[in-house]
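A.B. asks: Please find one structure pasted underneath; my questions will follow.
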Amino acid sequence: MKKTIIALLAACLMPLMALAQNAQEVKSPDGNMLLKFYLEQNGKPTYELSYKGKQVIKPSHLGFKLAKDKHASMKMDEYDLLDEFTLYDAFTNSFDETWQPVWGQYKNIRNHYNELAVYLVQEHEVFTKPENPTVEGLKRHVTKRDVIIRFRVYNDGMGLRYEFPQQENLNYFIIKEECTEFAMTGDHMAWWQTGDYDTQEYPMQQSRLSEIRGLITRCIDPNSGYTPNKMTDAVVWDNASQTPFSPTGVQTSLQMKTDDGLYINLHEAACTNYSTMHLNLDDKNMVFTSWLTPDAVGNMCYMQTPCQTPWRTVLVSDDARDMLSSSLILNLNEPCALDDVSWIHPTKYCGVWWEMIVGRKSWNYTDEFPSVDIYKTDFSTARPNGRHGANNEDVKRYIDFAARNNLSEVLVEGWNTGWEDWACMWKYDVFDFQTPYPDFDIDMLNEYAHSKGVKLLMHHETSSSVTNYERYLEDAYKLMDKYGYDAVKTGYVGDIIPRGEHHYGQYMNNHYLHAVKEAAKHHIMVNAHEATRPTGLCRTYPNLVGNESARGTEYEAFHLTKPDHTVVLPFTRLQGGPMDYTPGIFETDLSQWSDNHNNVHSTLVGQLGIYLVMHGPLQMAADLPENYEKFDDALQFIRDMAIDWDDSKYIDAEPGDYITVARKAKGTDNWFVGGKCDEQGHKVDVKLDFLDAGRKYEATIYADAKNAHYLTNPKAYVITRKTVKKGDVLKMTEAPGGGFVVSIMAK
Ligand code: NOJ
Ligand code: CA
């Protein structure tokens, strides 16, 4: 009996002892964040995370399933990289530096972390066939494969990545699945978007984790009898390229809040030469697992050692504002790779754009041809349709408007041949990115713009025919050099060519970065629409000044966008980099152009608030010149506003409800304060304790009028001016769907 008990006790203690032997810990510099790593009994890499003593991530496994590679010499890919590891060694390190971004929320960014790198080894017996099987048996090898898992623990979260040193038994390998788990502690509230390999333009959803399946499946399943309601649909079947993959699949960045008030955000940093990560939820156990984007044959990533994965990031705080002020994702990216950044500049722009989006003008020049061949169709003799937006006269009008209103560039979409059948049939040769339509005099218009101190902003809609775009990329950039363009908006509408690839696969992620790197050689800034969601690569390549990569203002014209969308995106989409949200729609009543909706779901002043809440060095004043002229006193804010910052202070924030921020304009003593809220409205006291003591400032306050409402009275606003000083309090009331802005100029 006694013997049995001892044996039983020993059996119970064994895993604990094994765990203790392997366990490694690292804390954040302030001691609040604690990361534990250990190998479970069968050598399964496992980690946990806690914050101020509260569990944030329960024990979660790490590893990969590998694809069977028919080219492999030894059948090493029979063994996944999931378990049977031993801990060879572990290293810790501390790091603290302050660096200066080329542009952004702050002049100085502190990169301060403690690091743990665990060196894991997996050994196997492998048998290979002998050269002469009649005289020899199978050959036995003992092979070993090494993987390093690196954790960086910050005061506001942590990052982890896998590193694969160059080694005999792991040179080339193909990832079938990445199995990084994030085990949640409960059924948290979440702000999420349906996981999809090709679009990120769904409305943001707010629900418990346990409700995700219901919201996605009733939209995916046409037999569910569900009647689509555009205000709540998690899957709206209206995108030119769309591939949802799982009833519990969501995109990153995913924002959550626990019932006891912890904010948790999951995303990734430095996604290069790898596919974009989504998260799939096991909603019985509340465990997320990484879900990569496949290529055309179903593989996730092709790896060659030495190599590493992107960082998997977890932000944690008990204060929602820390989600917005965090620089963790930038810090996990490599320093700037460009020697000369003097040509990268903040850009306020307007453009020949909204009038096409609302259907008043067209991108295409003619309606005459059932199809076009850009090499053969003679546009010079084609009959113009009379609605072409990018014509000399109108572009000059936009240039004049920009020059008068302190906007440095004018985007012109639809300037080049090919738009007649651009978005159909998975067509290869849609554009050559060089041939203007007959009514767009590229030479004259650029000269005209330059004579007024304005530049034209190039547009390359690739129609997702990426091989075609790469074929012309160098010539297209040379054309920009020739005429003095220094920024390009690119677009990836439709299914990708090479056919079968997805927008967020490894192939496309390599393409987006290639385009940015090549652009840098020409001193060109890039603003890529429909490209993969950013992961902080703008630190390394600061000429990546913007991305759309989420549902932007254009959806106000296509369908409806709920007022809380713009107070969710800063918590989610903007974690990896700025968004070209294209706000500033002053004529919120769209009924003159279309009959399927009435107005933009924001007040006019709420549109101004977006410029501050969604920071970025490229901001569009998206409405038409004639609409701005109706509200010239409110346009003054766009004329005055800065878009690059020495400092940013979040005054209050709650995902999906409201955000208020004060930002100090780069290289000046001027401040700009802004707020945006959801359909509930919001009140906030802005204490001006960030101003310099003993100094006076002239404040111009743009507020929603008392009776303003995004649905019934969106254009009602009040502008007041007063002298303010440090310590004064501005009591602001934001209307439902509204916001406010204040410019505070040092006297
Ligand atoms: C989608 C982009 O988001 C939009 O801004 C652009 O006008 C169209 N594609 C055409 O390129
Ligand atoms: Ca809300």
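The values are calculated or read from the model by the stated rules, or taken from the named source; none is laboratory data. Since we're looking at a predicted model, the values are computed, not measured. Backbone-built Cβ (ideal geometry, glycine too); neighbour counts: all protein chains shown. Note: accessible area is taken over every heavy atom of the protein model, side chains too, but ligands, DNA and RNA are not part of it. Shrake-Rupley method; radii C 1.70, N 1.55, O 1.52, S 1.80 Å.
A.B. asks: As an exercise, use a Förster radius of 56 Å and the Cβ-Cβ distance of Arg695 and Ala423 to find the FRET efficiency, rounded to the nearest 0.05.
C.D. replies: Efficiency for this residue pair is about 0.55.
A.B. asks: If r is the Cβ-Cβ distance from Val493 to Gln592 and R0 is 25 Å, what FRET efficiency results, to the nearest 0.05?
C.D. replies: Efficiency, rounded to the nearest 0.05: 0.45.
A.B. asks: Moving on. So how tilted is helix 2-22 from the main axis of the chain? Cα-based, degrees 0 to 90, rounded to 10.
C.D. replies: That works out to roughly 40 degrees.
A.B. asks: Ranking request for peptides 321-334, 266-279, 26-39: highest mean number of other beta-carbon atoms within 10 Å first, then the rest in descending order.
C.D. replies: Values: 321-334: 21.4, 266-279: 24.1, 26-39: 18.8.
Going from most to least packed, we get 266-279, 321-334, 26-39.
A.B. asks: Tell me which residues come under 5 Å, amide H to amide H, from Leu82 once H is placed; ignore anything under 5 positions away on its chain.
C.D. replies: Phe64
A.B. asks: Relative to the longest principal axis of the C-alpha atoms of the chain, give the angle of the C-alpha long axis of helix 442-451, reported between 0 and 90° and rounded to the nearest 10°.
C.D. replies: 80 degrees
A.B. asks: Sorted by packing (mean other beta-carbon atoms within 10 Å per residue), highest first, where do 450-459, 134-143 land?
C.D. replies: Result, highest mean Cβ count within 10 Å first: 450-459, 134-143.
A.B. asks: I'd like the per residue volume of the convex hull spanned by the Cα atoms of segment 648-708, given in cubic angstrom.
C.D. replies: Spread over its residues, the Cα hull of segment 648-708 gives 103 Å³ apiece.
A.B. asks: Right, here's the next one. What nm distance separates the two modelled labels at Ser342 and Asp481, each placed 7 Å from Cα along Cα→Cβ?
C.D. replies: Between Ser342 and Asp481, the simple spin-label model gives 1.8 nm.
A.B. asks: For the chain, give me the percentage of DSSP beta bridges that are antiparallel, rounded to the nearest 5 percent.
C.D. replies: Details: 146 of 170 bridges.
If we restrict to bridges inside the chain, about 85 percent are antiparallel.
A.B. asks: Where the accessible area of the chain is counted over protein heavy atoms with a 1.4 Å probe, how much of it, in %, is carbon and sulfur?
C.D. replies: 50 percent
A.B. asks: Separate question: If each DSSP helix of 4+ residues adds -39,500 (n - 2.57) and the sum is divided by the residues in the chain, what number results at 222 nm, nearest 500 deg cm²/dmol? If you can, show how the numbers build up before the last one.
C.D. replies: Values: 13 runs with 130 residues, N = 747.
When only DSSP H runs of four or more count, the value is -5000 deg cm²/dmol.
A.B. asks: R0 = 60 Å: FRET efficiency of Lys706 with Gln434, Cβ-based, nearest 0.05?
C.D. replies: Values: r = 54 Å, r/R0 = 0.90.
Efficiency, rounded to the nearest 0.05: 0.65.
A.B. asks: Ignoring ligands, DNA and RNA, what accessible area per residue does the chain give at 1.4 Å, in Å²?
C.D. replies: Result: 38 Å² of accessible area for each residue.
A.B. asks: Taking each pair of distinct Cα atoms in the chain once, what is the resulting Kirkwood hydrodynamic radius in Å?
C.D. replies: Radius from the Kirkwood sum: 27.5 Å.
A.B. asks: Against the longest alpha carbon principal axis of the chain, how many degrees, from 0 to 90 and to the nearest 10, is the axis of helix 506-521 turned?
C.D. replies: It is inclined by approximately 50 degrees.
A.B. asks: Same structure again: Sort 583-592, 484-493, 368-377 by the packing proxy (mean of other Cβ within 10 Å over each peptide's residues), most packed first.
C.D. replies: Ranked from most to least packed, the peptides come out as 484-493, 583-592, 368-377.
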